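Notes for the one structure printed next.
The values are calculated or read from the model by the stated rules, or taken from the named source; none is laboratory data. This one's a predicted model, so the numbers in the text were calculated from it and none came from an experiment. Cβ placement follows ideal geometry from the backbone for every residue including glycine, while neighbour counts extend to all protein chains displayed. Just so you know, the surface numbers come from the protein's heavy atoms only, side chains and all, with ligands and any DNA or RNA stripped out. Shrake-Rupley method; radii C 1.70, N 1.55, O 1.52, S 1.80 Å.
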Amino acid sequence: MFKRIMTIAIAGLMLHAAAAVNPAFARSKEQKQVTRAEEVKAGILKLGVGSDARVALKLRNDVKLAGFISKAESDSFVVTDLKTRAATTVAYGDVTRVKGHNLSTGAKVAIGIGIGVGLTFLVLYLIFQHYED
């Protein structure tokens, strides 16, 4: 009797596990490129535009670009070199790797807090040194 109950329980668990598995379908190369282009576009828009929006890019044809984003449109963006000020228009789909050189807002806040705490300790130290003399 125990074997029969265990067999039914295991069979039920296996059926439950089989029903819970979602099949994984392979995406075509075009779908992957479209998805990648959308991710790049979101990242570029998140960085913003201007001399503070610095990026390093690698394109599909192995060209590497570095500079800042001077213009962002719906299908492309413009990267301006910091030294030569040469502007290059890049389509989102041509980018294989994007690396932003910006600090996030959280990092900027943390740096500001650190500086504030450091200055507070310095002022307190100088005050205590003055009263000891």
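The set of residues in segment 49-70 being basic (Lys, Arg) and more than 16 Å from residue 85 (Cβ to Cβ) consists of 58, 60, 64. Counting the residues of segment 85-102 that are more than 29 Å from residue 29 (Cβ to Cβ) and open to solvent by 100 Å² or more (accessible area, probe 1.4 Å) gives 2. Considering only residues that are open to solvent by 40 Å² or more (accessible area, probe 1.4 Å) and not in a helix (DSSP H, G or I), which ones fall in segment 27-48? Of everything in segment 27-48, those that are open to solvent by 40 Å² or more (accessible area, probe 1.4 Å) and not in a helix (DSSP H, G or I) turn out to be 27, 28.
Here's a check for you: in segment 53-73, which residue that is in a loop (DSSP other than H, G, I, E, B) and open to solvent by less than 90 Å² (accessible area, probe 1.4 Å) is farthest from residue 43 (Cα to Cα)?
63
Scanning segment 78-133 for residues that are small (Gly, Ala, Ser) and under 30 Å from residue 32 (Cα atoms) gives 87, 91, 93, 100, 104.
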